[in-house]
1. Report, ordered by the first and then the second residue, all pairs with beta carbons closer than 6 Å, sequence separation of six or more or different chains, a first member in the stretch 140-155 that is without any contact (Cβ under 8 Å) to a residue 12 or more places away in the chain, and a second member that is open to solvent by 60 Å² or more (accessible area, probe 1.4 Å) and within 10 Å of the ligand (Cβ to nearest atom).
2. Take the conditions free of Cβ contacts under 8 Å to residues at least 12 places away in the same chain and loosely packed, with under 14 Cβ neighbours inside 10 Å and apply them to residue 5. Does it pass?
3. Find the strands (runs of 3 or more DSSP E) located wholly in the stretch 11-70 whose residues include 3 or more that are over 13 Å from the mean Cα position of the chain (by Cα), and list them.
4. All but one of (1) among the basic types (Lys, Arg); (2) under 30 Å from residue 52 (Cβ atoms); (3) in a loop (DSSP other than H, G, I, E, B) hold for residue 142, so report the exception by its number.
5. Looking at 111, 93 in this structure, which one is free of Cβ contacts under 8 Å to residues at least 40 places away in the same chain, surrounded by fewer than 15 Cβ atoms within 10 Å (Cβ to Cβ) and among the β-branched types (Val, Ile, Thr)?
6. When you look at residue 144, is it touching a strand residue (DSSP E or B) at 6+ places or on another chain (Cβ under 7 Å), in the same structural domain as residue 27 (by TED's automatic domain parsing), modelled with pLDDT of 95 or more and within 16 Å of the ligand (Cβ to nearest atom), yes or no?
Amino acid sequence: MQVANDKVVSFHYRLTLDNGSEIDSSYQAGEPLKFLVGQGQIIPGLENAMIGMSIGESKEVIVEPAQAYGLHKKELVKTVPRDQLPSDIELQVGLVLTGQDEKEQEYELIVRSFTDADVTLDMNHPLAGKRLNFAVEVVEVRDATGEEIKHGHAH
Ligand code: ZN
C-alpha cells in the first residue's frame, strides 16, 4: 500500500537545517508521527513528497520555506516600549515569550534585541524562512476509517 489521499500514514523523521543542526526527530520520542493524508496535518512540501511512498521506504526531502513554515515576514517583527512587558521578565536575546491574542490563542514571540526603552519582538514561526531537510521512513500505511475522514485527522 502506498501513501495517498485518505490513507493514514505513520512515519519516522529527522529534521535538520542547512547548517546540520537537528531540530526535531521522532526517533527520540520513540513513536512515529501519524497523519491523515490530504488534510494539511503536516507541512505541504513534506506531504507532497511522501505521496506514492511504500511501507519501509526511506527518502531525503528538502522543503523550501514557502512549502514549510512560510517566509520570514518583516511586518511580524515589532518594536514596543519595554514597559508593555511584565517587569519581572529578565530580557535576553533569543528568549521565547508567550503572548495571547483576542481569541485567547497562545503564540510565541522571540526577543530579537532590546534597549532600556524598547524591545524588538519577532512573531514569525521559529522555522519561518528556513529550508528544512527531512529524512523520512514510512512505517505504516492503512486506509483511514470513515470516522477519521469525517474528523479530518488520524486516530
Ligand atoms: Zn477525531
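The values are calculated or read from the model by the stated rules, or taken from the named source; none is laboratory data. A quick note: this is a predicted structure, and the numbers were derived from the prediction, not measured. Cβ atoms come from the backbone with ideal geometry, glycine included; neighbour counts cover every protein chain shown. The accessibility values were calculated without ligands, DNA or RNA, using every heavy atom of the protein model including side chains. Shrake-Rupley method; radii C 1.70, N 1.55, O 1.52, S 1.80 Å.
1. Every condition considered, no pair remains.
2. Working: free of Cβ contacts under 8 Å to residues at least 12 places away in the same chain: no; loosely packed, with under 14 Cβ neighbours inside 10 Å: yes.
Considered against the rule, which asks whether it is free of Cβ contacts under 8 Å to residues at least 12 places away in the same chain and loosely packed, with under 14 Cβ neighbours inside 10 Å, residue 5 comes out as no.
3. Numbers: elements: 22-25, 33-36, 58-63.
In the stretch 11-70, 33-36, 58-63 are the strands (runs of 3 or more DSSP E) which contain 3 or more residues that are over 13 Å from the mean Cα position of the chain (by Cα).
4. Of the numbered conditions (1) among the basic types (Lys, Arg); (2) under 30 Å from residue 52 (Cβ atoms); (3) in a loop (DSSP other than H, G, I, E, B), the odd one out for residue 142 is (3).
5. Details: 111 fails: surrounded by fewer than 15 Cβ atoms within 10 Å (Cβ to Cβ).
When all the criteria are applied, what remains is 93.
6. Numbers: touching a strand residue (DSSP E or B) at 6+ places or on another chain (Cβ under 7 Å): yes; in the same structural domain as residue 27 (by TED's automatic domain parsing): yes; modelled with pLDDT of 95 or more: yes; within 16 Å of the ligand (Cβ to nearest atom): yes.
So residue 144 passes the test.
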